[in-house]
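Let me begin by presenting the structure, written as structure tokens, before commenting on it.
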Amino acid sequence: MASVLVLNGPNLNLLGLREPGVYGSETLEDVVTNLRKVMQELGGELEHIQSNHEGVLIDAIHRAKGVHDGILINPGAFTHYSYAIRDAFASVALPTIEVHISNVHAREEFRHQSVIAPVVVGQVVGLGTDGYEWALRALVRKIEKK
Ligand code: DQA
């Protein structure tokens with residue numbers, strides 16, 4: 001049975017209200033409710049944490065070692081500059097998939113780089129909030145193949 005930690009970074013608590021033209025109208029609660037359903041269908045377990053604080057996300061990544069089999073993360077703006085989050089992933093070495101709701105490559109230049117990408121298995125980018133579900137299915141497949 002796969003156990004996955006889902007992490008959402010800064011400002012993602014405002015999904016549905018925040019720039020709906022970019023991020024859509026689904027709330028974070030809608031997204032997590034769907035992920036829990038998918039996880040039930042796949043026969044696994046899921047824990048979700050959203051935080052606007054870098055250290056809280058880092059602590060959660062550390063705690064995941066030995067507890068969860070993989071991590072799905074939307075690091076929000078930390079994607080583009082948090083070497084500390086990148087190092088946390090490198091330290092725990094758990095299979096991780098990075099999700100972005102918007103197509104970061106079609107947006108401002110500063111969003112084109114992810115400092116997290118080199119230490120994760122892969123990314124799901126630009127598929128809207130549906131991307132979380134595809135990322136979760138891909139992560140569970142990866143965990144079960146191990
Ligand atoms: C985001 C893209 C980031 O550039 C931005 O800072 C976010 C959300 C996305 O899901 O598209 O907060 O990660």
Any hit, the stretch 5-18, residues being more than 16 Å from the ligand (Cβ to nearest atom) and in contact with a helix residue (DSSP H, G or I) (Cβ under 7 Å, 6 or more places away or on another chain): yes
Flag if V4 is aliphatic (A, V, I, L, M), more than 12 Å from the chain's Cα centre (by Cα) and open to solvent by less than 30 Å² (accessible area, probe 1.4 Å): no
Qualifying positions in the stretch 59-100 - touching a residue at least 60 places away in the same chain (Cβ under 8 Å), open to solvent by 10 Å² or more (accessible area, probe 1.4 Å) and within 9 Å of the ligand (Cβ to nearest atom): G76, A77, F78
Test: residue in the stretch 48-58 that is at positive phi and away from the ligand (no atom under 12 Å from the Cβ): no
Scope the stretch 101-118; condition free of Cβ contacts under 8 Å to residues at least 60 places away in the same chain and within 12 Å of the chain's Cα centre (by Cα); matching residues: I116, A117
Output for the stretch 14-52, where each listed residue is open to solvent by 90 Å² or more (accessible area, probe 1.4 Å) and touching a Gly at 6+ places or on another chain (Cβ under 9 Å): S25, E29
Neighbours by Cβ (under 9 Å, 6+ apart or cross-chain): first from the stretch 130-144, free of Cβ contacts under 8 Å to residues at least 12 places away in the same chain; second open to solvent by 70 Å² or more (accessible area, probe 1.4 Å) and of a type outside the set (D, E, K, R): W134/L127
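Check whether at least one residue in the stretch 119-127 is in a helix (DSSP H, G or I) and either within 13 Å of the chain's Cα centre (by Cα) or farther than 20 Å from K146 by Cβ (or both), and report yes or no. Break it down into steps so the answer makes sense when it comes.
Quick first cut of the stretch 119-127, residues in a helix (DSSP H, G or I) only: 119.
Narrowing the set further to residues that are either within 13 Å of the chain's Cα centre (by Cα) or farther than 20 Å from K146 by Cβ (or both) leaves none.
No, because not a single residue in the stretch 119-127 is in a helix (DSSP H, G or I) and either within 13 Å of the chain's Cα centre (by Cα) or farther than 20 Å from K146 by Cβ (or both).
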First in the stretch 26-48 and under 15 Å from A138 (Cβ atoms) and modelled with pLDDT of 95 or more, second anywhere and assigned to a helix (DSSP H, G or I) and open to solvent by 50 Å² or more (accessible area, probe 1.4 Å), Cβ under 7 Å, 6 or more apart: V38/R137; L46/R36
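The values are calculated or read from the model by the stated rules, or taken from the named source; none is laboratory data. Not measured: the values here are computed from a predicted model. Reconstructed Cβ throughout: ideal geometry from the backbone, glycine too, with neighbour counts over all protein chains shown. Note: accessible area is taken over every heavy atom of the protein model, side chains too, but ligands, DNA and RNA are not part of it. Shrake-Rupley method; radii C 1.70, N 1.55, O 1.52, S 1.80 Å.
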